[in-house]
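The values are calculated or read from the model by the stated rules, or taken from the named source; none is laboratory data. Keep in mind that what you see is a predicted model, and the values were worked out from it rather than measured. Positions of Cβ are generated from backbone atoms using ideal geometry, with glycine treated the same way; all protein chains shown enter the neighbour counts.
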Amino acid sequence: MSVNARRLRLLSDHLTDSMLAGVAVLTGVFLVLPTCVVVLASFTSTSYLSFPPAGFSLRWYARMMASTEILRAAQTSLIVAVLATAGAVGLGVLTAFPLVRGRFRGRDAVLAFTLAPIMLPSIVLGIALLFFFGFLQVRLSLATLVLSHILITFPYVVRMSAAALVQVDPALEEAATNLGASSWQALRHVTLPLLAPGLAVGAGFAFVESFDNLALSIFVAGQRQETLPMRLFQLLVSDIDPVVAAVSTTIIAASFVVLLTVHRLAGFGQVMRLVGERRARLP
């Protein structure tokens, strides 16, 4: 390769990297800027939403904390998210093992099928579940809400668990059993600790997806159950005031805390590696 050709290639690579960096920065600004606007607007001292905020006040957070409807909705969201995450983790691990370690035809099809709930629009899935529960004559309640949230969070755990499990050498489990450990002991003391980062990532995404979900919850919650996003939607419909921004900021903060916890447990490199996996290398 001539000197001129090499310089031209280096210049082309530099321009490409610069363009990609610019796109990344613009995308980050586009995603973060609206969030910053909502957060700042929640501290306004006026009785209406304004940006930039006119003064600084915590009155809308105090009003939010004094609202029994908002607190009850937050409690419901927390209960549903915890139960849905626990169910998704259990089912996700049980599904990931045969997908990675099993020997049967159609594993790729089964893996694709497990991702179907997050590929379908939430409104379409909500309508389908509404008709399904109606066909079974099941009354909409907290149970239907939790089951529906398990359905939409389950794919995250399966994907992350499969991506982590495919990197675990089965020889480690065989070595443990050869040293006298039972299959359960090998699973508990060898395999699951190695899967912990993947499970943490999957559980974190599952919790955030459940806690923030609105479109599906509207169809399957029933009349007696109201999640925090549903309460926020009702506030937007009835009366738009800074309480809406305060509730939105609370949801953002809760999601950020969960993702920060995942980062602390799994490490940023592990999170990005698992999230960036396009396809688990199934044997």
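Looking at the stretch 143-195, which of its residues are in contact (Cβ under 8 Å) with a residue 40 or more places away in the chain, over 15 Å from Phe97 (Cα atoms) and among the β-branched types (Val, Ile, Thr)?
Of everything in the stretch 143-195, those that are in contact (Cβ under 8 Å) with a residue 40 or more places away in the chain, over 15 Å from Phe97 (Cα atoms) and among the β-branched types (Val, Ile, Thr) turn out to be Thr144, Val146, Ile150, Ile152, Thr153.
Go through the residues of the stretch 199-211 one by one and say whether even a single one is under 16 Å from the mean Cα position of the chain (by Cα), assigned to a helix (DSSP H, G or I), surrounded by fewer than 19 Cβ atoms within 10 Å (Cβ to Cβ) and not hydrophobic (A, V, I, L, M, F, W, C). Step through it out loud before you land on a result.
Residues of the stretch 199-211 under 16 Å from the mean Cα position of the chain (by Cα): 199-211.
Filter again for assigned to a helix (DSSP H, G or I), leaving 199-211.
When the remaining residues are screened for being surrounded by fewer than 19 Cβ atoms within 10 Å (Cβ to Cβ), the result is none.
Within the stretch 199-211, not a single residue is under 16 Å from the mean Cα position of the chain (by Cα), assigned to a helix (DSSP H, G or I), surrounded by fewer than 19 Cβ atoms within 10 Å (Cβ to Cβ) and not hydrophobic (A, V, I, L, M, F, W, C).
So, restricting to helices (runs of 4 or more DSSP H) that lie completely within the stretch 56-171, which ones have at least 1 residues that are of a type in the set (Phe, Trp, Tyr) and more than 30 Å from Ala41 (Cα to Cα)? Walk me through it before giving the result.
Values: elements: 59-66, 68-101, 107-114, 116-119, 122-135, 142-165.
The qualifying helices (runs of 4 or more DSSP H) are 68-101, 107-114, 122-135, 142-165.
Out of the stretch 175-188, which residues are surrounded by 12 or more Cβ atoms within 10 Å (Cβ to Cβ) and either assigned to a helix (DSSP H, G or I) or of a type in the set (Ser, Thr, Tyr) (or both)?
Step one: filter the stretch 175-188 for residues surrounded by 12 or more Cβ atoms within 10 Å (Cβ to Cβ), giving 175-177, 181, 185-188.
Listed by number, the residues that qualify are Ala175, Ala176, Thr177, Gln185, Ala186, Leu187, Arg188.
Ala221 passes all but one of (1) free of Cβ contacts under 8 Å to residues at least 60 places away in the same chain; (2) surrounded by 15 or more Cβ atoms within 10 Å (Cβ to Cβ); (3) of a type outside the set (Ser, Thr, Tyr); which number fails?
(1)
Cβ-Cβ under 6 Å, sequence separation 6+ or interchain: first residue in the stretch 229-246 and closer than 21 Å to Val80 by Cβ, partner of a type in the set (S, T, N, Q) and assigned to a helix (DSSP H, G or I). Which pairs?
Taking only residues 6 or more apart or on different chains, the pairs are Met230/Ser217.
Mind telling me which of the residues Ala74, Ala54, Ala41, Ala84 ends up being touching a Ser or Thr at 6+ places or on another chain (Cβ under 6 Å) and in contact (Cβ under 8 Å) with a residue 12 or more places away in the chain?
Values: Ala74 fails: touching a Ser or Thr at 6+ places or on another chain (Cβ under 6 Å); Ala54 fails: in contact (Cβ under 8 Å) with a residue 12 or more places away in the chain; Ala41 fails: touching a Ser or Thr at 6+ places or on another chain (Cβ under 6 Å).
Selected residue: Ala84, the only one of Ala74, Ala54, Ala41, Ala84 that is touching a Ser or Thr at 6+ places or on another chain (Cβ under 6 Å) and in contact (Cβ under 8 Å) with a residue 12 or more places away in the chain.
Condition check ((1) of a type outside the set (Asp, Glu); (2) over 22 Å from Pro155 (Cβ atoms); (3) modelled with pLDDT of 80 or more; (4) over 16 Å from the mean Cα position of the chain (by Cα)) across all residues:
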position	(1), (2), (3), (4)
Val220	yes, no, yes, yes
Thr227	yes, no, yes, yes
Thr249	yes, yes, yes, yes
Gly276	yes, no, no, no
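If a residue must be of a type in the set (S, T, N, Q) and either closer than 22 Å to Ala162 by Cα or surrounded by 21 or more Cβ atoms within 10 Å (Cβ to Cβ) (or both), how many such residues does the stretch 65-103 contain?
As a first pass, look at the stretch 65-103 and keep what is of a type in the set (S, T, N, Q): 67-68, 75-77, 85, 95.
Next, only the ones that are either closer than 22 Å to Ala162 by Cα or surrounded by 21 or more Cβ atoms within 10 Å (Cβ to Cβ) (or both) stay: 76-77, 85, 95.
Residues that pass the stated criteria total 4.
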